[in-house]
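Before any comments, here is the structure.
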Amino acid sequence: MKRKFFSVSIEESNIEKTLLRNSTIDLSLKNIYGTDVDAYLQILRLNSNLVQLKLGENNLRNEGAQSVSRTLRFNSSLKKLGLQDNDIEPEGAQSISQFLQYNSTLASLSLWGNDIGDEGTYAISQSLRRNLNGLSKLHLSANHIGYKGAQSISQFLKFNSTLTHLDISDNLIGDEGTRLISNSLRQNSTLAHLNLSDNQIGNEGAFAISRLLRFNSTLTYLNLAYNEINTEGAIALSGSLRTNSTINTLNIRSSSTVGVQAALSLIQIHQTNPNVMILLNIESEAIKSNYKLIVRNKKIAELFNKDFVMYQKISS
């Protein structure tokens, strides 16, 4: 027997079998609206094998977020939850915060592309500050998070001991928000992967991060791409890498183009620390000035990447 199941005509027995048995359930892009998700959840709550649930890019809104949080609150198998791009606002984020207070198994939560703002960020941060769960990866990019949200994030980072990956890219953190987060990370010993790209961060923010990197020994990946960092900020960041031995990737590509001084500083870093990969945009004059050195050093050539290849084409 076939019936309509939220705009998709399939055999009822097949979908129930999938929801009851599979460890990964992908319900993304299914046009699920609000509390329509309840019909799926009532079956999923009986699935003791559920490890990953993908509900991204639907239209769950606050009501759907509340349903998910309420139904899966005490689930003891779920490790990954995707709720990205669902028009979730602060009210929905509050429900997710309550879910995080009760659930102790979730390791990865994706909320990018919603609208939780500073208020919703505060709610989620409160749960993470209490260290009641084992969440290790949190994705909050494109959520209209500003300075106040950065304050909340900085507060939970001081106390949280489980989070290893934090993505807050494409927000409005700015220099002051970056300073707060940088200061809080001096007390954090677990975060290894931080994405701050596209956050209106300028040289002042870069200075704050460079001060952090002189002391931090846990960050291995730092993404500052698509900000407003120029030569002065890039030099400060490269200088901090002289004493930091844990960062292996620093991405400042497509920030303001850096010039000769920054290029020279980065070359010197590569000579002393060949394991670090620095991605950035460099003025052609900087490449021209150091062309012979770049040719001789494979690692440095990789550093300059497309900018170096483009110069080769232009100068040949």
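Hey, does the range 281-295 have a residue that's modelled with pLDDT of 70 or more and β-branched (Val, Ile, Thr)?
Taking the range 281-295 as the starting set, the residues that turn out to be modelled with pLDDT of 70 or more are none.
No, the range 281-295 contains no residue that is modelled with pLDDT of 70 or more and β-branched (Val, Ile, Thr).
Considering the range 134-149 alone, what residues qualify as being among the small types (Gly, Ala, Ser) and under 17 Å from Leu172 (Cβ atoms)? I'd like the intermediate steps shown before the answer.
First, the residues of the range 134-149 that are among the small types (Gly, Ala, Ser): 134, 136, 141-142, 146, 149.
Residues satisfying the conditions are Ser141, Ala142, Gly146, Gly149.
Restricting to the range 184-203, name every residue that is at positive phi and polar (S, T, N, Q). Step through it out loud before you land on a result.
The first filter runs over the range 184-203 and keeps only residues at positive phi, leaving 198, 200.
Residue satisfying the conditions is Gln200 alone.
Can you tell me how many residues in the range 84-104 are within 18 Å of Leu166 (Cα to Cα) and part of a loop (DSSP other than H, G, I, E, B)?
Total satisfying the criteria: 2.
Looking only at residues that are among the β-branched types (Val, Ile, Thr) and modelled with pLDDT of 85 or more in the range 221-242, which one is nearest to Arg211 (Cα to Cα)?
Applying the filter and picking the extreme gives Ile235.
Within the range 16-66, how many residues are in a helix (DSSP H, G or I), among the charged types (D, E, K, R) and either buried (at least 17 other Cβ atoms within 10 Å of the Cβ) or on the phi > 0 side of the Ramachandran plot (or both)? Quick ask: steps written out before the conclusion?
From the range 16-66, those in a helix (DSSP H, G or I) are 16-21, 34-44, 61-66; that's our starting set.
Now narrow it down to the ones that are among the charged types (D, E, K, R): 16-17, 21, 36, 38, 61, 63.
Going one step further and asking which of them are either buried (at least 17 other Cβ atoms within 10 Å of the Cβ) or on the phi > 0 side of the Ramachandran plot (or both), we end up with 36, 61, 63.
Total meeting the criteria: 3.
Could you please let me know if Asn195 is polar (S, T, N, Q), out of contact with any Pro (no Cβ under 9 Å at 6 or more places or on another chain) and crowded, with 22+ Cβ neighbours inside 10 Å?
Working: polar (S, T, N, Q): yes; out of contact with any Pro (no Cβ under 9 Å at 6 or more places or on another chain): yes; crowded, with 22+ Cβ neighbours inside 10 Å: no.
It is false that Asn195 is polar (S, T, N, Q), out of contact with any Pro (no Cβ under 9 Å at 6 or more places or on another chain) and crowded, with 22+ Cβ neighbours inside 10 Å.
Scan the range 138-162 residue by residue and report those that are among the hydrophobic types (A, V, I, L, M, F, W, C), out of contact with any His (no Cβ under 8 Å at 6 or more places or on another chain) and surrounded by 21 or more Cβ atoms within 10 Å (Cβ to Cβ). Explain how you work it out, then say what you get.
Step one: list which residues in the range 138-162 are among the hydrophobic types (A, V, I, L, M, F, W, C), which gives 138, 140, 142, 145, 150, 153, 156-157, 159.
Narrowing the set further to residues that are out of contact with any His (no Cβ under 8 Å at 6 or more places or on another chain) leaves 140, 142, 145, 150, 153, 156-157, 159.
Residues satisfying the conditions are Leu140, Ile145, Ala150, Ile153, Phe156, Leu157.
Tell me yes or no: at least one residue of the range 67-74 is of a type outside the set (Lys, Arg), part of a loop (DSSP other than H, G, I, E, B) and modelled with pLDDT under 95.
Going through the range 67-74, the residues of a type outside the set (Lys, Arg) turn out to be 67-69, 71-72, 74.
Next cut, part of a loop (DSSP other than H, G, I, E, B) only: 74.
Checking the rest, the ones that are also modelled with pLDDT under 95 come to 74.
Checking the range 67-74: at least one residue is of a type outside the set (Lys, Arg), part of a loop (DSSP other than H, G, I, E, B) and modelled with pLDDT under 95.
Does Thr257 count as among the β-branched types (Val, Ile, Thr) and modelled with pLDDT of 80 or more?
In short, no.
Having 3 or more residues that are among the aromatic types (Phe, Trp, Tyr) is the bar; report the helices (runs of 4 or more DSSP H) wholly within the range 143-241 that clear it. Talk me through it step by step, then tell me what you get.
Numbers: elements: 147-159, 174-184, 203-213, 231-240.
Of the helices (runs of 4 or more DSSP H) lying wholly inside the range 143-241, those with at least 3 residues that are among the aromatic types (Phe, Trp, Tyr) span 147-159.
How many residues are at pLDDT 80 or above and not aliphatic (A, V, I, L, M) when one looks only at the range 2-41?
Just the residues of the range 2-41 that are at pLDDT 80 or above, to begin with: 16-41.
Filter once more, so that each one left must be not aliphatic (A, V, I, L, M): 16-18, 21-24, 26, 28, 30-31, 33-36, 38, 40.
Residues meeting the conditions: 17.
Looking at (1) closer than 28 Å to Ile173 by Cα; (2) surrounded by 22 or more Cβ atoms within 10 Å (Cβ to Cβ), can you tell me which one Gln98 breaks?
(2)
The values are calculated or read from the model by the stated rules, or taken from the named source; none is laboratory data. Quick caveat: nothing in here was measured; it's all calculated off a predicted structure. Don't worry about glycine lacking a Cβ; one is built from the backbone with ideal geometry, like all the others, and counts go over all protein chains shown.
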